[in-house]
Amino acid sequence: MVQVQVERFPYDVVVIGAGGAGLRAAIEAREQGKRTAIVSKSLFGKAHTVMAEGGCAASMGNVNAKDNWQVHFRDTMRGGKFLNNWRMAELHAKEAPDRVWELETYGALFDRTKDGKISQRNFGGHTYPRLAHVGDRTGLEMIRTMQQKIVSLQQEDFEEYGDYEAMLKVFPECTVTELIKDNDRIAGAFAYWRDSGKFILFETPAIVLATGGIGKSFKVTSNSWEYTGDGHALALRAGATLINMEFVQFHPTGMVWPPSVKGILVTEGVRGDGGVLKNSTGERFMFGYIPDVFKGQYAETEQEADGWYNDQDNHRRTPDLLPRDEVARAINTEVKEGRGSPHGGVFLDIASRLPAEEIRRRLPSMYHQFKELADVDITAQPMEVGPTCHYVMGGVEVDPDTASSVVPGLFAAGEVAGGMHGSNRLGGNSLSDLIVFGRRAGLGAAQYLDSLDQRPKISESDVDAAAHRAVAPFDWPSEGQAENPYTIHAELQQSMNDLVGIIRKEEEVQQALDKLAELKERARFVAVEGRREFNPGWHLCLDLRNMLLVSECVAKAALMRTESRGGHTRDDYPAMDNRWRNKLLVCSSDEHGTSAEVVEKPQEPMRSDLLELFELAELEKYFTDEELAQHPGRVAQ
Amino acid sequence: MSYKANFKIWRGDDTSGELHDFIVEVNEGEVVLDIIHRLQATQAPDLAVRWNCKAGKCGSCSAEINGKPRLLCMTRMSVFTEEETVTVTPLRTFPVVRDLVTDVSYNYQKAREVPSFAPPKELGLGEYRMKQQDVERSQEFRKCIECFLCQNTCHVIRDHEENKENFSGPRFLMRVAELEMHPLDTEDRVREAQDEHGLGYCNITKCCTEVCPEHIKITDNALIPMKERVADRKYDPIVWLGNQLFRRGSKR
């Protein structure tokens, strides 16, 4: 029967997730003198951040001195089609350089410019070369650097207390299933060890969610198994709100063949370093897909585009580097109209653009990945690529400065937080988001602790309830048929992929919602064999609950937003509608996460000094006349 | 294109276990991890395997395939004939948790024993200057995805539990070399490699280099140069004399 023995750990701050945002939050909380735990579903250092390839955006101006935070801010807002939380975009643009330089003091070794500074590369939507990088394994460098910084802090603690884990401890392969509250504020988190299946309880007033995204609800995805929307669902059940859940980024270039690797990421760095997209007729088709809002900002001929790599002052950038949503839609159209590659993608050609040696030096892991998994030599042949579910712009609604959700004591940073990227994230803005808002969340949690006069209490009945829910999949239903979690998961992925994917329409999203209702009902009867020791079937049962709830948020919000913008494309409403720009769709649920509710809410108007960073003519493409009435350009008229 | 393959997979825990036979479908382009996942979904839902990215980037799915240390996600089924039985067993050097999952905590302990990067105190944020050619040596080692296949294959600890205490293994000797070659690190790490991490146990058989999925030249570029530095320090009579005269052994 149920083993309700629970090991207990008191902490000041518990960070859930050990990717870039989680590690940076934990470093900050520990440096603020708080006893901090890092809880991770995987081993320490394996987080999804290692998959990030291209780089980390920060306007250091090392390669083009014209870059500064204002340019980065503008690029970010344009990329997100002005739906971004402007304060987050501002903080991000201003603080990213310091956060990157800080990584050097932890031991990071970025690629260098000729004068020995951090090198920066071009990327989609960024006006200047802006991405600090290490070949095409930047995420790995960032994770390893912060992992090693944590070890370094533990060594300091060992010197002082004789215990490496006195102030900062990592709980690897440990999954949080419930957050526990004391009235309206956070009091703890309930979790199980993946290896032993035993339960643990964190008694803590402050929790930082840094659990990443939701991609495992889609069939074709660049995301790893961990991306089951845990933080999103934990937040909802704890009473926090999610915003922007309809915006899901499909990265334009995932591998398409062989089937078993379909969806694995091909870095945008390939295009940043000169690679171009071609269809089956050999045409560089992106020139035909520059949308009106970006007219004039991108090259219109191949000659101009090719000149841009070496002379950016006299050439406009190639449309191969339009923001990701534009490129993904263009590829989708080419394939649909019969100009795709043999395995249903398009061609990405770097082989004819750079010498083989240079390709291997700049893109070693892409070379390796195609060679080993697809028998393709990218220095000699084009790659076949197509869109893959990559990132969710939506997430926990947070205060930009402190990363606090609406629930006292609950913070969120990184992909699990919403707002920063608006309707579409620029490549490279994710790694910088992690370190800017990871730090702010750690700081926010520390400040929250300082403001508390007494620690919250955990009620035993909440702990018992959490334990019972966790072991429920071992109780086979007394009547009817038990459901296989792998089957439900596969059906969910297929349904989200086909019906709430890159192109959406009302009937299909409605069908997806019907399917979700059916799956939710069936998921009540999931059952597993075996014991609690490292049992993947059981783990999946518990993750499924989160995936179903979060998928419902995506589908419901996608149904409500009757326009196309960024990572949300409606076939039945193909145009962007300025009246939708300042509307956020806010998701919430009850404490059991039985169903999600979505309501509209207006966005805070942008501060005037930030608004004035843009030309009036550009703002007119996105804003309504009413919103621009106070703009100095209008007042002058 | 698809066929039925014979698999033998080790199942058990820290007390006992044995190889189990499976017959399972294989499709074009698949890797061993795809087959393990198919077994979980259809025949053995509680079969334990550790994995994350399935793209050769995280280093989680290390195991032994037909006795060779490999990543399950980077081993294509096409390297075997259709008749061949594929045997998958857990890493031998580390204790089994369950089925294909092992307890790799030894590696995290060793990581903690390597003194961290010691930054130059006089440089502020944004003031670091390093040449690309100088960072490249350490960058090669930082490609490491910590799959621990090198640790698993190294004969110093593979069949000698007793050496684990005094030997950090190729991965962490390489970490020491990485810091030693970092252009701005201020520590001297040569003596520590020999005295604290057991560099002397390594007799450069290059087994670690052979199994590295990132193709890092661990032996040639990390371990041998460290051995040379140790030898220079220890046996070079001029260095010895210099040390005696100018006390150069202390921290720079």
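The values are calculated or read from the model by the stated rules, or taken from the named source; none is laboratory data. Nothing here was measured: the structure is a model prediction, and the numbers come from that model. Glycine gets a Cβ as well: all are built from the backbone with ideal geometry, and neighbour counts include every protein chain shown. Surface accessibility is based on the protein's heavy atoms, side chains included, excluding ligands, DNA and RNA. Shrake-Rupley method; radii C 1.70, N 1.55, O 1.52, S 1.80 Å.
Brief remarks on what is shown
- Whole-angstrom gap from the stretch A:78-140 to the stretch A:192-210, using each part's C-alpha centre: 33 Å
- Averaged over the residues of peptide A:145-152, the number of Cβ atoms from other protein chains lying within 10 Å of each residue's Cβ is 4.
- Where labels lie 7 Å past Cα in the beta-carbon direction, separation of A:ALA65 and A:ARG524 in nm: 6.9 nm
- Coarse-grained scattering of the protein assembly as shown at q = 0.05 Å⁻¹, given as base-10 log I(q)/I(0) from a Debye sum over alpha-carbon atoms: -0.26
- Percent RCO, i.e. relative contact order, over the stretch A:255-388, from Cα pairs under 8 Å lying at least 6 residues apart: 31 percent
- Its DSSP H runs of at least 4 residues, each contributing -39,500 (n - 2.57), put the calculated 222 nm mean residue ellipticity of chain A at -11000 deg cm²/dmol, to the nearest 500.
- Extension gain for the segment B:GLU210 to B:GLU162, taken as residue separation times 0.36 nm less the Cα-Cα distance, is 14.9 nm to one decimal.
- The residues of the protein assembly as shown expose on average 36 square angstrom of accessible surface per residue, using a 1.4 Å probe on protein heavy atoms.
- Folded to 0 to 90 degrees: helix B:32-42 orientation relative to chain B principal axis, Cα: 40 degrees
- Heavy-atom accessible surface that B and A bury in contact, both chains counted, 1.4 Å, Å² to 100: 5400 Å²
- Subset of A:LYS46/A:LYS149; A:LYS34/A:LYS181; A:LYS46/B:LYS57; A:LYS216/B:LYS8 violating a 18 Å alpha-carbon distance limit: A:LYS34/A:LYS181; A:LYS216/B:LYS8
- Radius ratio Rg over Rh of the stretch B:1-72, counting only Cα atoms, Kirkwood formula for Rh: 0.95
- Computed over the stretch B:105-250, the ratio Rg/Rh where both radii use C-alpha atoms and Rh is Kirkwood: 0.98
- Largest to smallest accessible area among A:LYS371, B:LYS227, A:LYS41 [probe 1.4 Å]: A:LYS371, B:LYS227, A:LYS41
- Unpaired by the 4.7 Å Cβ criterion, cysteines found in the protein assembly as shown: A:CYS56, A:CYS174, A:CYS389, A:CYS541, B:CYS61, B:CYS73, B:CYS144, B:CYS147, B:CYS154, B:CYS202, B:CYS207, B:CYS212
- List of the stretch A:499-546 residues, accessible area with partners at least 30 Å² below that of the chain alone (1.4 Å probe): A:GLU529, A:ARG531, A:PHE534, A:PRO536
- Added length on full extension, which subtracts the Cα-Cα distance from 0.36 nm per residue, A:LYS295 to A:GLU620: 115.6 nm
- The calculated 222 nm mean residue ellipticity attributable to helices in chain B amounts to -9500 deg cm²/dmol, summing -39500 (n - 2.57) over DSSP H runs of n ≥ 4 and dividing by all residues.
- The dipole here belongs to the stretch B:60-111: it is taken about the Cα centre, uses +1 on the Cβ of Lys and Arg and -1 on the Cβ of Asp and Glu, and is about 300 debye.
- Each residue of the stretch B:125-140 was assigned a 3J(HN,Hα) from its phi angle through the Karplus expression (A = 6.51, B = -1.76, C = 1.60, θ = phi - 60°), giving 4, x, 9, 6, 10, 9, 7, 3, 5, 7, 7, 4, 4, 6, 4, 4 Hz with x at Gly and Pro.
- Across chain A, the mean sequence separation of Cα contacts (distance under 8 Å, 6 or more residues apart), normalised by length, yields a relative contact order of 20 percent.
- Candidates per trypsin sites (Lys or Arg not before Pro) in the stretch A:396-503, loop by DSSP, up to 15 other Cβ within 10 Å: A:LYS457
- Most positive-pole-ward Cα, A:ALA527, A:GLY19, A:GLY125, against dipole of chain A from beta carbon charges: A:GLY125
- Sum of side-chain charges, A:ILE118 neighbourhood, beta-carbon under 9 Å (Lys, Arg +1; Asp, Glu -1): 0
- Label positions at A:ASP163 and A:LYS371, each projected 7 Å from the Cα along the C-beta direction, are separated by 4.8 nm.
- All other residues whose Cβ lies under 14 angstrom from that of B:LEU223 are scored, Lys and Arg at +1 and Asp and Glu at -1, for a net of +2.
- The protein assembly as shown - percent of accessible surface contributed by carbon and sulfur, probe 1.4 Å: 48 percent
- Its Cα centre serving as origin, the stretch A:517-574 has a Cβ charge dipole (Lys and Arg +1, Asp and Glu -1) of approximately 180 debye.
- Cα pair distances exceeding 14 angstrom across the stretch A:395-435, given as percent: 41 percent
- Alpha carbon centroid spacing (whole Å) that separates the stretch A:296-355 from the stretch A:276-290: 6 Å
- Shielded residues, the stretch B:167-188 - accessible-area loss of 30 Å² or more between chain alone and all protein chains, probe 1.4 Å: B:ARG175, B:HIS182
- At least 24 Å along the helix axis (C-alpha) and Kyte average at least -1.0, DSSP helices within chain A: A:86-106, A:138-161, A:429-451, A:536-560
- At R0 = 41 Å, FRET efficiency that the Cβ-Cβ distance of A:SER196 and B:GLU196 yields, to 0.05: 0.80
- For chain B, the spread of Cα positions along each principal axis, largest first, Å: 72, 42, 28
- Label-point separation in nm, A:ARG316 to B:THR85, each point 7 Å along Cα→Cβ: 6.6 nm
- Each Lys and Arg adds +1 at its Cβ and each Asp and Glu adds -1 at its Cβ; summed about the Cα centre, the stretch B:105-250 shows a dipole of about 180 debye.
- Relative contact order [Cα under 8 Å, 6+ residues apart], chain B, whole percent: 16 percent
- Take each residue in A:255-261, count the other chain C-beta atoms within 10 Å of its C-beta, and the mean is 5.
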